[in-house]
Amino acid sequence: MAFEGAVQDLIDELARLPGVGPKGAQRIAFHLLGVDGEQISELIDALRRVKDEVRFCVTCGNVSEEDVCRICRDPRRSDDVICVVEESKDVAAIERTREFRGRYHVLGGALDPVNGVGPEHLRITELMNRLSNPGVGEVIIATDPNLAGEATATYLIRMLSTLGITVTRLASGLPVGGDLEYADEVTLGRAFAGRRAVS
């Protein structure tokens, strides 16, 4: 059933969000209709602040409110290991395990030729530039264990194989076809601890 005017417009906009289908969009829309004006204002302010204040770290590509994110600024982290992930949400998932104390590189997605996402759309050039500086001894490929993530990992392994840097991949334990952000801390922690060389 289609609703009229503003209600249907809101449902349509919510349905465009990832992971929100038509029924979920309708539930959210009617929830928003039932909350008071102050809560709506807070939501609008939060959306505006994210759009105005959040940017991507110039070093690693993670979300940040400053030019360089807190992880890249942290002097206690190791500079000799870089963990390559698809999105900032994956950084958050790995950080929850407390297993990794190195640096990150966020690609900004995964290779997906069907949808027109090629290597030029990802932060692969920036990764190669970072690796041209001496000091990095290991690159951990931590892309999602799905088709696009595996294709991205294979591409990166081929690119990195000539650099003389140890390249590792997260160990099994993560479900194939899943996303890192949905893995529990124990599974992700074990996968991280049991990573293996791929070259």
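We did not get these values from a lab; they are worked out from the coordinates using the rules stated. For clarity, every value in this text was computed on a predicted model and none was experimentally measured. Don't worry about glycine lacking a Cβ; one is built from the backbone with ideal geometry, like all the others, and counts go over all protein chains shown.
Among beta bridges identified by DSSP and lying wholly in the chain, the antiparallel ones come to about 30 percent. Net charge dipole, region 40-199: roughly 520 debye, given to the nearest 20, about the Cα centre with Cβ charges of +1 for Lys and Arg and -1 for Asp and Glu. In order along region 95-103, the Karplus-derived 3J(HN,Hα) couplings, from 6.51 cos²θ - 1.76 cosθ + 1.60 at θ = phi - 60°, round to 4, 5, 6, 6, 8, 10, 10, x, 10 Hz, and Gly and Pro are given as x. Per-residue extension of 0.36 nm, minus the Cα-Cα distance of Arg48 and Ser161, leaves a gain of 36.4 nm for this segment. Peptides 154-167, 136-149 ranked from most to least packed by the mean count of surrounding Cβ atoms within 10 Å: 136-149, 154-167. Rounded to the nearest whole Hz, the Karplus-based 3J(HN,Hα) values (6.51 cos²θ - 1.76 cosθ + 1.60, θ = phi - 60°) of region 54-64 follow the sequence 8, 9, 10, 4, 5, 8, 10, x, 6, 5, 7, with x at glycine and proline. The charge dipole of region 3-93, taken about its Cα centre with unit charges on the Cβ atoms of Lys, Arg (+1), Asp and Glu (-1) only, comes to about 240 debye.
Note on Ala197 and Glu95: the model spin-label points, each 7 Å out from Cα along the C-beta direction, lie 3.2 nm apart. Phi angles of region 110-127 translate, via the Karplus equation with coefficients 6.51, -1.76, 1.60 and θ = phi - 60°, into HN-Hα couplings of 9, 4, 8, x, 4, 9, x, 9, x, x, 5, 8, 10, 8, 7, 4, 4, 5 Hz per residue; Gly and Pro are given as x.
Per-residue packing, averaged as other Cβ atoms within 10 Å, sorts the ranges 38-45, 98-105 into the order 98-105, 38-45, beginning with the highest. Proximity of backbone amide H atoms, modeled 1.01 Å from N, is registered between Ile140 and Ile82, Cys83, Val84, Thr168 at under 5 Å, excluding neighbours fewer than 5 places apart on the same chain.
Based on the Cβ-Cβ distance from Val7 to Gln39, what FRET efficiency comes out when R0 is 30 Å, to the nearest 0.05? Once rounded, the FRET efficiency stands at 0.95. Other residues whose C-beta falls under 14 angstrom from the C-beta of Tyr104 contribute a net charge of -1, scoring Lys and Arg +1 and Asp and Glu -1.
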